[in-house]
Amino acid sequence: DMAEYQEALETVRESENRFRIAARHTADFIQEANFETDQLKLFGDVDQLMGFPPGGFPRTVSGWLDRIHPEDRDRVVGEFEAFIEAGEDSWCFNYRMLAADGSSHYWVDSGTVTEFSQDGKILRGVGAAQDITESVLREIELEKALAELATAKERLSTENIYLQEEILKSLDYEDIVGNSESFRRTLAQVRMVADLEATVLLTGETGTGKELLARALHASSQRSDRPLIKVNCAALPSTLIESELFGHEKGAFSGAASRRMGRFELADQGTLFLDEISEVPLELQAKLLQFLQDGEFERLGSSKTLTTDVRIIAATNRDLQRAVDEGRFRNDLYFRLAVFPIEIPPLRERPSDIRPLTLYFLSRYNAKHGRSIEEIPDSTLKALEAYDWPGNVRELENLIERGLILSPGKTLRLDASALDQVSTGGSATKSGKTSSHRPGSGTLQDLERSHILSTLEDCGWKVKGRGNAAERLGMHEATLRYRMRKLGIHRPQH
């Protein structure tokens, strides 16, 4: 009966139309798979969605699998085989599908088995696929933004802790004082390299002002709006210096209860000042060299490579070339650090700077201690200029502050014993003896010569090595040898 046939056909068409409308609102397209014949029927404009010409997207099950991203294909096949083995009748997979131009689209694919064979094999199934690329990319961007926010928060927290530690150490940005010819040459070098990205190596005896010049270099650079992070390599135990510089992951070592950023990450876009660089352990020097070469490093306990943009300023009061010759410092690291070396002259080579430095420290500590010392006897200034300052500017600063505290009136009072007290540290030697000098007992040079002789005798005339005289006197080995020559001190012949 043709009327009944036409009525049934119309019913099927209406049903298919309703099916297509519903599919448009629930999925991008519908697929009907015949696993026996490998045929795949697609309902929906999958060709346009994936950038293919009409009919260009695969219409076979195997062709469909070939378009799955290679990194996801084995996983999806494995999940489908597990689905078959479990005898389930519905599936849901997430994977990336390759478009015609090779780009990846993120899909969620769910479906139902519509026919099994008598032995349980899947014959046919109907599924719906949804392109979720936009939502996945938004989620990835959100996760990336959250990660960047967490990193920024961690850096800010660590930076605040660091700055608080610096405040507790009473670090202040002192003016640079000095107009001697040798110091002017040093400042000219600082101005020359400050605005560049070159690594700088500051050398000079203890107390000459290496940290002050490092701060001047940073303040005059293009990185001045970011922090200057300082690491005193000599003050850190060798077991902790790697963690302090490069950071560590949770559980990297005993006591590492959480992940911590190192000073290299904290100094990103800024400057890292490595003071006493000669004290970096030999086994860690290779990792420091890697960073100087590639800008890359790994946190302790992690294999993930990190990068950061940091300018390095290093400083030492040691002879690095001698350390290289003796095998205590890597030659390649030395040349990486000494791209632009700046040597800071000791105070004894710039006596004309002693007077302005004295006046500067007097003014500074007047304000700090609420004093009003206004006069410095000319004899005192001459005595200061005649002294050789083994402790350099730091020794002068300590002496002026101590003199200001002890001076009863408005005139700064210093005596020979004060100079001797500062230069010897005011403490007993390891042999238990103390300085026997008394106020007025000879000239400053007599006092200094006597004290150096006494210390040399206590140390068995050892100028270097463990327990040497230079360490007890608080000066560099080269400084002690210079003082011995100038004061006519010679080891007695036996």
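The values are calculated or read from the model by the stated rules, or taken from the named source; none is laboratory data. Values in this document were obtained by computation on a predicted structure and should not be read as measured data. Virtual Cβ from ideal backbone geometry, glycine too; neighbours counted across all protein chains shown. Just the protein is used for accessible areas: all its heavy atoms, side chains included, with ligands, DNA and RNA removed. Shrake-Rupley method; radii C 1.70, N 1.55, O 1.52, S 1.80 Å.
Which longest run of the chain has no exposed loop site in it, a site being GluC sites (Glu not before Pro) in a DSSP loop with at most 13 other beta carbons within 10 Å, and the site itself not part of the run?
Working: sites that count: Glu36, Glu88, Glu197, Glu326, Glu374.
The longest uninterrupted stretch comes out as 198-325.
Sequence gap at least 6, Cα distance under 8 Å: using those rules, report the relative contact order of the chain to the nearest whole percent. Please report the intermediate quantities before stating the final value.
Values: 699 pairs, mean separation 51.6, N = 494.
So the answer I get is 10 percent.
Per residue, how big is the convex hull of region 48-153 when only Cα atoms are used? Give it in Å³.
Details: hull volume 13.8 nm³, N = 106.
Each residue corresponds to 130 Å³ of Cα convex hull volume.
Count charges around His248 for me, please; just the other residues with Cβ under 11 Å from its Cβ, Lys/Arg as +1, Asp/Glu as -1.
Net local charge, His248 excluded: 0.
Once every DSSP H run of n ≥ 4 in the chain is given -39500 (n - 2.57) and the sum is divided by its residues, what mean residue ellipticity at 222 nm do you get, rounded to the nearest 500 deg cm²/dmol?
Working: 19 runs with 228 residues, N = 494.
The helix contribution divided over the chain gives -14500 deg cm²/dmol.
Say the cut-off is 24 Å between C-alpha atoms; which of Lys144/Lys250; Lys144/Lys304; Lys382/Lys464; Lys410/Lys486; Lys41/Lys121; Lys368/Lys410 go over it?
Working: Lys144/Lys250 21 Å; Lys144/Lys304 17 Å; Lys382/Lys464 33 Å; Lys410/Lys486 36 Å; Lys41/Lys121 20 Å; Lys368/Lys410 16 Å.
Exceeds cut-off: Lys382/Lys464; Lys410/Lys486.
Relative to the present Cα-Cα distance, how much length would full extension add between Lys462 and Ala152 at 0.36 nm per residue of separation? Before the final figure, lay out the partial values.
On the way: separation 310, 0.36 × 310 = 111.60 nm, distance 5.19 nm.
Once the chain is fully extended between Lys462 and Ala152, it gains 106.4 nm.
Accessible area per residue of the chain at 1.4 Å probe, in Å²?
Working: 27030 Å² over 494 residues.
About 55 Å² of surface per residue is accessible.
Nearest 10 degrees, 0 to 90: what angle lies between the long axis of helix 477-487 and the longest principal axis of the chain (Cα atoms)?
It is inclined by approximately 10 degrees.
Grab the beta carbon distance between Arg13 and Glu134, set R0 = 25 Å, and tell me the FRET efficiency rounded to 0.05.
Details: r = 34 Å, r/R0 = 1.35.
For Arg13 and Glu134, the calculated efficiency is 0.15.
Return the label of the correct value of P(r) over Cα pairs in 20 Å bins from 0, in percent, as calculated from the structure shown, out of (1) 18, 49, 32, 2, 0; (2) 17, 33, 20, 13, 12, 4, 1; (3) 19, 44, 32, 5, 0.
(2)
Once the piece of chain linking Ala100 and Arg491 is laid out straight, how much longer is it, given 0.36 nm per residue of separation minus the C-alpha distance between them? Present the calculation step by step, with values, prior to reporting the outcome.
Working: separation 391, 0.36 × 391 = 140.76 nm, distance 8.78 nm.
Taking 0.36 nm per residue and subtracting the Cα distance, the gain is 132.0 nm.
How much net charge surrounds Ser90 when only the other residues with a Cβ under 14 Å from the Cβ of Ser90 are counted, with Lys and Arg +1 and Asp and Glu -1? Mind showing how you got there, number by number?
On the way: positive: Arg124; negative: Glu79, Glu88, Asp89, Asp109, Glu115.
Combined, the nearby Lys, Arg, Asp and Glu give -4.
Which ³J(HN,Hα) values, rounded to whole Hz and listed in residue order, are derived for region 118-125 from phi using the Karplus coefficients 6.51, -1.76 and 1.60 in 6.51 cos²θ - 1.76 cosθ + 1.60 with θ = phi - 60°, glycine and proline given as x?
With the stated coefficients, region 118-125 comes to 4, 8, x, 6, 7, 9, 9, x Hz.
If you plug each phi of region 454-470 into the Karplus form 6.51 cos²θ - 1.76 cosθ + 1.60 with θ = phi - 60°, what whole-Hz ³J(HN,Hα) values come out, in order, with x for Gly and Pro?
So the Karplus estimates, Gly and Pro as x, are 4, 5, 4, 5, 5, 8, x, 6, 7, 9, 9, x, 4, x, 7, 5, 4 Hz.
What is the sum of charges around Ala129, taking Lys and Arg as +1, Asp and Glu as -1, for the other residues whose C-beta is under 10 Å from the C-beta of Ala129? Before the final figure, lay out the partial values.
On the way: positive: none; negative: Asp28, Asp109, Asp131.
Neighbourhood net charge equals -3.
Please determine, in degrees from 0 to 90 and to the nearest 10, the orientation of helix 2-26 with respect to the longest principal axis defined by the Cα atoms of the chain, where the helix direction is its Cα long axis.
Computed tilt is about 10 degrees.
Run the numbers for Ser258 and Val108: contour at 0.36 nm per residue of separation, minus the present Cα-Cα distance, in nm. Before the final figure, lay out the partial values.
Numbers: separation 150, 0.36 × 150 = 54.00 nm, distance 3.72 nm.
Result: 50.3 nm gained on full extension.
What's the carbon and sulfur percent of region 294-346's accessible surface, probe 1.4 angstrom, rounded to a whole number? Before the final figure, lay out the partial values.
Numbers: 1090 of 2670 Å².
Here carbon and sulfur together make up 41 percent of the probe-accessible area.
Hey, what angle do you get for helix 354-369 against the long axis of the chain, alpha-carbon based, 0 to 90 degrees rounded to 10?
70 degrees
Amide H of Phe29 versus every other amide H placed in the peptide plane: which residues, excluding those fewer than 5 positions away on the same chain, fall under 5 Å?
Amide H to amide H, under 5 Å and 5 or more residues apart or across chains, Phe29 pairs with Ala129.
In terms of modelled amide H atoms, which long-range or inter-chain residues lie less than 5 Å from the amide H of Ser407?
Arg413
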